[in-house]
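Taking it in order: structure first as structure tokens, then the write-up.
The values are calculated or read from the model by the stated rules, or taken from the named source; none is laboratory data. Since this is a predicted model, take the numbers as computed values, not measurements. Glycine gets a Cβ as well: all are built from the backbone with ideal geometry, and neighbour counts include every protein chain shown.
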Amino acid sequence: MSTIYDFTLDELKEKLKPSFRAKQVYNWIYKKYVTSYDEMKNIPNDLKEQLKENYEIDILKIVKKEKSLDGSIKYLFQLKDRHTVESVLLLMKEKKVNEDGSIERGEKYTVCISTQVGCKVGCTFCLTAKGGFVRNLSVGEIVNQIVQIKKDNQIPENKTLNIVFMGMGEPLDNYKNFVHSVKVFSEEEGLAISRRRQTVSTSGLSSKIEKLGNEDLGIQLAISLHAVDDELRSELIPMNKAYNIKSIIDAVRKFPVDARKKVMFEYLVIKDKNDDISSAQKLLKLLDGIKAKVNLIYFNPYPGTSYQRPQREDMVKFQEYLTSRGLLCTIRESKGLDISAACGQLKEKETNGSS
């Protein structure tokens, strides 16, 4: 059965007659966050019955959440088939209130969402890989993660946020549903999340990066690079054997980038693996001529891994080497270190029954 979250507004208008009912339904699910058709006061009973018969609405359930001291919240969602996926709400900037009580600036949120149950990529530093690949998420299951999180945090309908497709799974491996969810997210009558506020983070399926570029959706691109030579990258990301660094960089060079934006290169820094100045030199050469920003990420240790968190001083040296040579580079201060923030950690903990 389809879900009510699977459709753009035009698609729903095709299915519901008279078509103005589609906008009303959109209003209920994306602005009022209702989870039952019975809550839709202005929808006639016969249409409610039709909706109940054809389109599931209550499709995800929050089974666990952990809140960090920095305001980040990690969610574990259970799907209808009892599989689970994770999402993270990141509080990027706190609300700023003036002395008179007026709000100078509202909170700024970013949500990382999943696109698959499990993952085929098999990154050695990622817990999601341990469970293997189970299935793709439907459009509705992708979209409903945002709806649930907005509802759970009472985030008003007109409060925009940023989405990063970088939870569990490889978004470009679920290409069709990922692209369609981008369109649903950006519907003005729905969640109204501008496409320039949506970023896809990919481990580098170069053929799909090229395909996405040709669609010119207007979304941002982030590449999980993590290494500057194929030997190390193949150790960290076995899929690199099929999509090597050169093929990824070639695809990125063709990708349409907004004049005000840059392609983000995520670089997970692992102690004694890729944290030296020699790696920084190679990275600078690799990205020459690309409108790029490098985001250095501390490896987030988890039980059983042999990889270690890098030293702060090595991160700073790496960053300073790149920035002093004109490549924009930031160090992502890890959020949620006091909770199961690394991808797959909360699911793994719940599965194994540990606390």
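Within the set of pairs 6 or more residues apart or between chains, which connect a residue that is of a type in the set (Phe, Trp, Tyr) inside segment 76-99 to a residue that is at pLDDT 95 or above and surrounded by 11 or more Cβ atoms within 10 Å (Cβ to Cβ) with Cβ atoms less than 6 Å apart?
Note: pairs meeting the criteria are Phe77/Leu60; Phe77/Val85.
Against the definition (within 21 Å of Ile4 (Cα to Cα) and among the polar types (S, T, N, Q)), how does Asn153 come out, yes or no?
Details: within 21 Å of Ile4 (Cα to Cα): no; among the polar types (S, T, N, Q): yes.
So Asn153 fails the test.
Under 6 Å by Cβ, and 6 or more places apart or on different chains, what pairs join a residue from segment 235-257 that is under 10 Å from Ser206 (Cβ atoms) and in the same structural domain as Thr202 (by TED's automatic domain parsing) with one that is surrounded by fewer than 19 Cβ atoms within 10 Å (Cβ to Cβ) and charged (D, E, K, R)?
Cβ pairs passing all conditions: Asn244/Asp230; Ile245/Asp230; Ala251/Glu210.
Name the residue, out of Val143, Val97, Val147, that is more than 22 Å from Tyr302 (Cα to Cα), out of contact with any Phe, Trp or Tyr (no Cβ under 8 Å at 6 or more places or on another chain), in the same structural domain as Tyr243 (by TED's automatic domain parsing) and of a type in the set (A, V, I, L, M, F, W, C).
Step by step, each of Val143, Val97, Val147 is checked, and only Val97 is more than 22 Å from Tyr302 (Cα to Cα), out of contact with any Phe, Trp or Tyr (no Cβ under 8 Å at 6 or more places or on another chain), in the same structural domain as Tyr243 (by TED's automatic domain parsing) and of a type in the set (A, V, I, L, M, F, W, C).
Identify, please: which residue in segment 38-52 is farther than 16 Å from Gly140 by Cα and within 31 Å of the chain's Cα centre (by Cα) and is, among those, surrounded by the most Cβ atoms within 10 Å (Cβ to Cβ)?
Met40
In segment 91-126, how many are closer than 20 Å to Leu79 by Cβ and part of a strand (DSSP E or B)?
Looking only at that region, the number is 6.
The rows are residues; the columns are (1) within 13 Å of the chain's Cα centre (by Cα); (2) closer than 16 Å to Val184 by Cα; (3) aromatic (Phe, Trp, Tyr).
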residue: Ser114; (1), (2), (3): yes, yes, no
residue: Cys119; (1), (2), (3): no, no, no
residue: Thr124; (1), (2), (3): no, no, no
residue: Leu127; (1), (2), (3): no, no, no
residue: Val134; (1), (2), (3): no, no, no
residue: Val143; (1), (2), (3): yes, yes, no
residue: Gln148; (1), (2), (3): no, yes, no
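Looking at segment 274-290, can you tell me whether even one residue there is of a type in the set (Ser, Thr, Tyr), surrounded by fewer than 17 Cβ atoms within 10 Å (Cβ to Cβ) and in contact (Cβ under 8 Å) with a residue 12 or more places away in the chain?
no
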